[in-house]
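Structure, as structure tokens:
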Amino acid sequence: MRIAIIDESTTRASIIEDGLAQLADSEIFILTERQGLISRLEAFAPDVVLIDLGNPSRDVLEEYFAVSRVLARPIAMFVDESDDEAIAASIDAGVSAYVVDGLSAHRIRPLLDLAIKRFNAFARLQADLAAAEGKLAERETIDRAKRILMDSKKLSEPEAYAELRRKAMSSNRRIAEIAEAVVTAHDLLGDGT
Amino acid sequence: MTEQLTIGFLPLADACLPILAHEHGFAEEEGLALSFQRDVSWATVLDRLLYGHTDTAHLIAPLAIAATLGRGRPAQPLAVPFVLGLNGNGVTMSTALAGRIARSGTFEDPRRLGAALASEAAERKRAGAKLRFGVVHRYSSHNYMLRYWLAACGIRPDEDVEIVTVAPPFVADAYANGEIDGACVGEPWNSLAVERDVARIVLATAQIWRRGVEKVLAVRRPVLDARRPAFEALIRAMRRAGRHFVDPENWDANARILARPEYVGGDPALIRRAISDRLVLQSGGEAVHFPDFMFQYSEAANFPWASQALWLYTQMIRWDRSPFSAEEAAAAAAVFRPDVYRSAMYDTGDPLPGASSKVEGSVAQLTSVGTQQGIITLSPNTFFDGDSFDPEKMEEYLARLL
């Protein structure tokens, strides 16, 4: 089975490729560039095309399939109507699948299931990464706020932190929010150095 | 109780009404909490609508009909209780092509430009490199408007030129890479191509059909049936947003809102051009006022006329080269739901047409029409070639076109 993965995120594309590599008798082709997409896809002649929902080339791709329906290797938009649940699951995961007409459902299902799993795994990874980046940014803000307090109020580092914590507790807010307010106020009112 | 509605959209100026209904609190006053799902392809907007990620969507009108008729994918009945606007698109040409056949500084005369384009197209075809035009989707009003104009000027869209699909945000790139010679797309993407000095705006689609139906609010029919009061509230909120949108007082503020990255994104000055009907046609040029470039409010512009759906159906038959079917035509007409619009606006004092269908393109001067409430005076809605579309005589019309 020849599987094309169209994804502008190279990381996600390789995560999916990695997942699909478990499938027997499969050849996988990854396209990450918008330019020349259709001609490269045509040259690969895929049985299955996977594309993420956020890809701006989807309408271009569907137009190509609509035109190619009269050609030798017609590609159906979807698996088939009876597989609506699988389609719904793939849309939820953020991936759309196009399949050559006549490819049987029992060959497509495992492929689609794997793709969905990989897409979901990537989404979780992104969420974790975003949370980690958020935490890191918060830590930096708190450090800056501490330095501002240490300089302006001549406090030690533990005292500056205690000050932030006290204010957070009394105003029922998170320390990071208080730190953010301190930094913003300093940027607005301070000499900016 | 507040009702939640999630609305899918593509970053285009004509997604304005639901966005402004939310931003200015009109939706909230109607008991609605709106959230938005921004996407970059119509395929994804449609998928999310069909699989329930969104409750309703900003959609190209012919795609709502195509989805209902099952063209290109399994049929799913959609309903259109509200037209988001008429026209608002432009035809652009690469600076090279425009330099040869367009005058400078004005919107062109569609007949004269069409004649000049016809000889240019013939020459390019003889040279083995047909002129290539970009549209946003096979089932878009852009495609149908462009083809209508080309065909009426003696240019066969599928033989004499090539028409390809280009995603609106990448039209300027497509020009820069020499992939297209012309395009028909919505704002602010024409203006962006002008700003980058890769193309010139030569026509407004309003010059092809003065009152051409453009984006619609689409919803799955079972969802509309199940949540009818919420959709009627949304219709009222969007009518109020429309009144706000057309008031020059609000142009700056609305352009700034639409320019936010979660909505259309980009430069508010570019978005303001479309919403003020004042387009800069070529890089460094002066803005040119084209009244009703976008038409989102007056003359009951949002009323979904069954005759608009039927005109789109005739174009689908024409360009898909499929046989006319009275049954399909009835299904296409039933996508547009004037009954829902009427029941939403009944007793609000907002003007309501008395009929649900009209002869499109037949109004050549100001004409009062029969109403159920209020007064509506329709201004000209002509097609540029002088033809008109009588929904009672569809087969005659098709025979004339083909």
Identify, by number, the condition in (1) in a helix (DSSP H, G or I); (2) more than 14 Å from chain A (Cβ to nearest Cβ); (3) surrounded by 24 or more Cβ atoms within 10 Å (Cβ to Cβ); (4) in contact with a helix residue (DSSP H, G or I) (Cβ under 8 Å, 6 or more places away or on another chain) that residue B:64 doesn't meet.
(4)
Yes or no: region B:143-162 includes at least one residue that is touching a helix residue (DSSP H, G or I) at 6+ places or on another chain (Cβ under 8 Å), part of a strand (DSSP E or B) and within 23 Å of residue B:10 (Cβ to Cβ).
no
Would you be able to say whether some residue in region B:139-149 is surrounded by fewer than 23 Cβ atoms within 10 Å (Cβ to Cβ), more than 24 Å from residue A:62 (Cβ to Cβ), of a type outside the set (S, T, N, Q) and not assigned by TED's automatic domain parsing to the domain that holds residue B:57?
no
Index of the failed condition, residue B:255 passing every other in (1) surrounded by fewer than 19 Cβ atoms within 10 Å (Cβ to Cβ); (2) in contact with a Lys or Arg (Cβ under 8 Å, 6 or more places away or on another chain):
(1)
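Output yes when any residue across region B:202-210 is in a strand (DSSP E or B) and within 13 Å of chain A (Cβ to nearest Cβ), and no when none is.
If we filter region B:202-210 for residues that are in a strand (DSSP E or B), which is where we start, we get B:202-204, B:209.
Subsequent filtering for residues that are within 13 Å of chain A (Cβ to nearest Cβ) retains none.
No, that holds for no residue.
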Determine if region B:186-195 includes at least one residue that is of a type in the set (A, V, I, L, M), without any contact (Cβ under 8 Å) to a residue 40 or more places away in the chain and more than 14 Å from every other protein chain (Cβ to nearest Cβ).
no
Answer yes or no: is there a residue in region A:36-44 that is more than 26 Å from residue B:177 (Cα to Cα), surrounded by 15 or more Cβ atoms within 10 Å (Cβ to Cβ) and at pLDDT 85 or above.
no
Just give me the residues in region B:169-178 being in contact (Cβ under 8 Å) with a residue 12 or more places away in the chain and facing chain A (nearest Cβ under 9 Å), in sequence order.
B:169
If I filter region B:77-99 for residues that are assigned to a helix (DSSP H, G or I), of a type in the set (Ser, Thr, Tyr) and surrounded by fewer than 23 Cβ atoms within 10 Å (Cβ to Cβ), do I get at least one hit?
yes
Just checking, which of B:364, B:332, B:344 is closer than 30 Å to residue B:156 by Cα and part of a helix (DSSP H, G or I)?
B:332
What number of residues within region B:92-111 are of a type in the set (A, V, I, L, M, F, W, C) and closer than 18 Å to residue B:210 by Cβ?
1
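Run down A:153, A:135, A:146 and say which single residue is charged (D, E, K, R) and in contact with a helix residue (DSSP H, G or I) (Cβ under 7 Å, 6 or more places away or on another chain).
On the way: A:153 fails: in contact with a helix residue (DSSP H, G or I) (Cβ under 7 Å, 6 or more places away or on another chain); A:135 fails: in contact with a helix residue (DSSP H, G or I) (Cβ under 7 Å, 6 or more places away or on another chain).
Residue meeting the stated conditions: A:146.
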Elements of type helices (runs of 4 or more DSSP H) in region B:6-58, at least 1 residues being among the polar types (S, T, N, Q) and surrounded by 21 or more Cβ atoms within 10 Å (Cβ to Cβ):
B:42-50
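Could we say that residue A:67 is in contact (Cβ under 8 Å) with a residue 24 or more places away in the chain and either of a type in the set (A, V, I, L, M, F, W, C) or within 12 Å of chain B (Cβ to nearest Cβ) (or both) here? Reasoning before the result, please.
Details: in contact (Cβ under 8 Å) with a residue 24 or more places away in the chain: no; either of a type in the set (A, V, I, L, M, F, W, C) or within 12 Å of chain B (Cβ to nearest Cβ) (or both): yes.
Taking the combined requirement at face value, the residue does not satisfy it.
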If I ask for residues that are more than 14 Å from every other protein chain (Cβ to nearest Cβ), over 18 Å from residue A:91 (Cα atoms) and of a type in the set (D, E, K, R), which ones from region A:1-41 would you list?
A:2, A:17, A:18, A:25, A:27, A:40
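Is it fair to say residue B:299 is modelled with pLDDT under 95, over 17 Å from residue B:208 (Cα atoms) and either assigned to a helix (DSSP H, G or I) or touching a strand residue (DSSP E or B) at 6+ places or on another chain (Cβ under 7 Å) (or both)? Outline the logic, then answer.
Working: modelled with pLDDT under 95: yes; over 17 Å from residue B:208 (Cα atoms): yes; either assigned to a helix (DSSP H, G or I) or touching a strand residue (DSSP E or B) at 6+ places or on another chain (Cβ under 7 Å) (or both): yes.
Here the answer is yes, as residue B:299 does meet what is asked.
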Can you run down the residue pairs with Cβ atoms below 8 Å, 6 or more apart or on separate chains, where the first is in region A:123-138 and closer than 20 Å to residue A:179 by Cβ and the partner is in a helix (DSSP H, G or I) and small (Gly, Ala, Ser)?
A:138/A:176; A:138/A:179
The listed residue being within 24 Å of residue B:135 (Cβ to Cβ), more than 24 Å from the chain's Cα centre (by Cα) and not assigned by TED's automatic domain parsing to the domain that holds residue B:82, out of B:400, B:318:
B:400
Would it be correct to say that residue B:392 is exposed (fewer than 13 other Cβ atoms within 10 Å of the Cβ) and either at pLDDT 90 or above or among the hydroxyl-bearing types (Ser, Thr, Tyr) (or both)?
yes
If a residue has to be away from chain A (no Cβ under 14 Å), in contact (Cβ under 8 Å) with a residue 40 or more places away in the chain and either closer than 13 Å to residue B:384 by Cβ or not hydroxyl-bearing (Ser, Thr, Tyr) (or both) to count, how many in region B:141-156 make the cut?
10
Taking region B:166-207 and keeping only residues that are surrounded by fewer than 24 Cβ atoms within 10 Å (Cβ to Cβ) and among the β-branched types (Val, Ile, Thr), one is left with B:198
What pairs come up if the first residue lies in region A:1-29 and is within 16 Å of residue A:116 (Cα to Cα), the second is among the basic types (Lys, Arg), and their beta carbons are under 7 Å apart, counting only those six or more places apart or on different chains?
A:15/A:118; A:16/A:118; A:19/A:117; A:19/A:118
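Just to check your reading of the model, which residue among B:265, B:212 is farther than 16 Å from residue B:303 by Cβ and under 20 Å from the mean Cα position of the chain (by Cα)? Walk me through how you get there before you give the answer.
Working: B:212 fails: farther than 16 Å from residue B:303 by Cβ.
Just one listed residue meets the conditions, B:265.
The values are calculated or read from the model by the stated rules, or taken from the named source; none is laboratory data. Note that the structure is predicted; figures quoted are calculated from it, not measured. So basically every Cβ, Gly included, is an ideal-geometry build from the backbone, and we count neighbours across all protein chains shown.
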